[in-house]
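Input: a single structure, listed below in C-alpha cells.
Only the coordinates and a few stated rules stand behind these numbers; no lab work does. Here the structure is a predicted model, which is why all the values come from computation and not from measurement. Here Cβ is always computed from backbone atoms with ideal geometry, including for glycine, and neighbour counts include all displayed protein chains.
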Amino acid sequence: ALNDVITEIPLRIIPDDTDYVSFVANHGEEIINIVEQQQRELRSIRVQIRTDSDFVRFNADGDVITAPAYFTTPIQDVDDANPFDLDEALTHLEGLVDGWTDKGSGFMLCDILKFILVISVYRPLHGSSYLPTPPALAGKHAIINVKKYRQLVLLLQYYCTTLSFWEKTSKSCD
C-alpha cells in the first residue's frame, strides 16, 4: 500500500479459471466481498482491475507463439450510492480479449497469470470550489475577476455592435 492510499489485492488463480467469465464465476463473490469491505473501511473508494494474461497461436510450422497481454478496466468510483459493478468490469475485460482474438490474429487466451484488485481512497470535493483571494493579493488590484471580466467583454461587444449599427443607420439618413 502506498501510504495507505492505494492497495493492491491479488486474487488466487485456480485451474478452472480458463477465461475471464469463468474467473468471475469462480471468484465473483470474493471480489464483491473485498470491495464492500474496503468501502466500509474507507468510505469512498476507486476500484480498478489489472490482469496479466498469455495468448497463444500456432504458426504454419506448428510452432507455438506466446504473447503476454496486460489489461486494466476503467476506474469505478464506489461509495454508498454507487456499488461496484462487476458485470461492467467483466464486459470490459471480455472486450479487450475480443480485441486480441479478432481481426485474424489467430491468438487465443491461454492463461490468466494475475488478477489484481487495485483499490484507492477517493475523496471527492464537497460543496463549492470557491477559494477566497489571499489578503496580500487582494489589495494589489492586479487580479481579474474572470466572471466580471467576461461580463465586461460582453457589454463592450454589445456596445460596439450597437454603436456601429447606429453609425451606419445615421449615415444612411444624411
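Expressed in nm to one decimal, what extension gain is obtained for the pair Ile116 and Ala67 from 0.36 nm per residue of sequence separation less their Cα-Cα distance?
Numbers: separation 49, 0.36 × 49 = 17.64 nm, distance 1.96 nm.
Difference between extended and current length: 15.7 nm.
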Point to revise | Sites Asp102 and Arg40 - FRET efficiency at Förster radius 41 Å, r taken between beta-carbons, to 0.05 | key: 0.55
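Kindly identify segment 48-120 as rounded, prolate or oblate by the Cα gyration tensor criterion: order the square roots of the eigenvalues as a ≥ b ≥ c, call it rounded if a/c is under 1.5, otherwise compare a/b with b/c, prolate if a/b is larger, else oblate.
On the way: a/c = 4.49, a/b = 2.57, b/c = 1.75.
Verdict is prolate for segment 48-120.
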Point to revise | Sum of side-chain charges, Ile112 neighbourhood, beta-carbon under 14 Å (Lys, Arg +1; Asp, Glu -1) | key: -4
Practice item. Taking the Cα centre of segment 1-123 as origin, work out the dipole magnitude from +1 charges on Lys and Arg Cβ and -1 charges on Asp and Glu Cβ, in debye rounded to 20. Key: 380 debye
Review point. Once label points are set 7 Å from the Cα along Cα→Cβ at both Gln157 and Asp16, what is their separation, rounded to one decimal in nm?
Key: 6.4 nm
